[in-house]
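Structure, as structure tokens:
The values are calculated or read from the model by the stated rules, or taken from the named source; none is laboratory data. In this text the structure is predicted, and so the values were computed from the model without any measurement. In this analysis, Cβ positions are derived from the backbone assuming ideal geometry, glycine residues included, and neighbour counts consider all displayed protein chains.
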Amino acid sequence: MSTQDITFIPDSDAESISSDVALFNGLLVTTQIPVRADGSLELGDIVTQCECTLQALKEALERAGSGMDRVLHLTIYLTDMADRAVFNEVYQRFFAKPWPVRAAVGVASLAFDGMRVEVTAMAAQG
């Protein structure tokens, strides 16, 4: 498979085995977890995890030349679907109408013990 027309923007964590953002023909794809500004993992309450996750998403998109207003689709992974209402409250602080297309998926667990939320977004560049 040729990746000449795909740009991978590396994760700031040198140990990461995932790119931070991938770009193809003006479409950005990124997955974010609840990390603080210093790069450490946030495993506190669900509100703080949601805030950190969406802030990480915002920063990744901006580094790639996009923004939250350019998000087309968001997939939200939650270990407890009862947390969906809290996520929605935080989400409305980061997004505005017209809302991105989105899906919320309940999962048994995520990559780290205590991690309760993860998001994958597709956004337009520019």
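Note on segment 97-110: residues that are modelled with pLDDT of 95 or more and either farther than 13 Å from ILE76 by Cα or of a type in the set (S, T, N, Q) (or both) amount to 2. Report every pair of residues separated by at least 6 positions or lying on different chains whose Cβ atoms are under 7 Å apart, first residue within segment 11-26 and of a type in the set (Phe, Trp, Tyr) and assigned to a strand (DSSP E or B), second at pLDDT 75 or above and surrounded by fewer than 16 Cβ atoms within 10 Å (Cβ to Cβ). As it stands, the answer is PHE24/ASP5; PHE24/ILE6, since those pairs meet every condition given.
The set of residues in segment 31-56 being in contact (Cβ under 8 Å) with a residue 12 or more places away in the chain, surrounded by 13 or more Cβ atoms within 10 Å (Cβ to Cβ) and in contact with a Ser or Thr (Cβ under 7 Å, 6 or more places away or on another chain) consists of THR31, GLN32, ILE33, PRO34.
Among the residues of segment 89-100, those identified as surrounded by 15 or more Cβ atoms within 10 Å (Cβ to Cβ), under 14 Å from GLU51 (Cβ atoms) and not aliphatic (A, V, I, L, M) are TYR91, PHE94, PHE95.
If only residues of segment 71-88 that are part of a helix (DSSP H, G or I) and buried (at least 18 other Cβ atoms within 10 Å of the Cβ) are counted, the one that is nearest to the chain's Cα centre (by Cα) is PHE87. Looking at segment 89-106, which of its residues are more than 10 Å from ALA121 (Cα to Cα), under 14 Å from the mean Cα position of the chain (by Cα) and either hydroxyl-bearing (Ser, Thr, Tyr) or in a loop (DSSP other than H, G, I, E, B) (or both)? Answer for segment 89-106, where residues must be more than 10 Å from ALA121 (Cα to Cα), under 14 Å from the mean Cα position of the chain (by Cα) and either hydroxyl-bearing (Ser, Thr, Tyr) or in a loop (DSSP other than H, G, I, E, B) (or both): TYR91, PHE95.
Please state which one of GLU59, GLU118 is surrounded by fewer than 17 Cβ atoms within 10 Å (Cβ to Cβ) and closer than 16 Å to PRO34 by Cα. Just one listed residue meets the conditions, GLU59. A residue that is within 17 Å of ALA124 (Cβ to Cβ), touching a strand residue (DSSP E or B) at 6+ places or on another chain (Cβ under 7 Å), crowded, with 16+ Cβ neighbours inside 10 Å and of a type in the set (D, E, K, R) cannot be found anywhere in segment 1-19.
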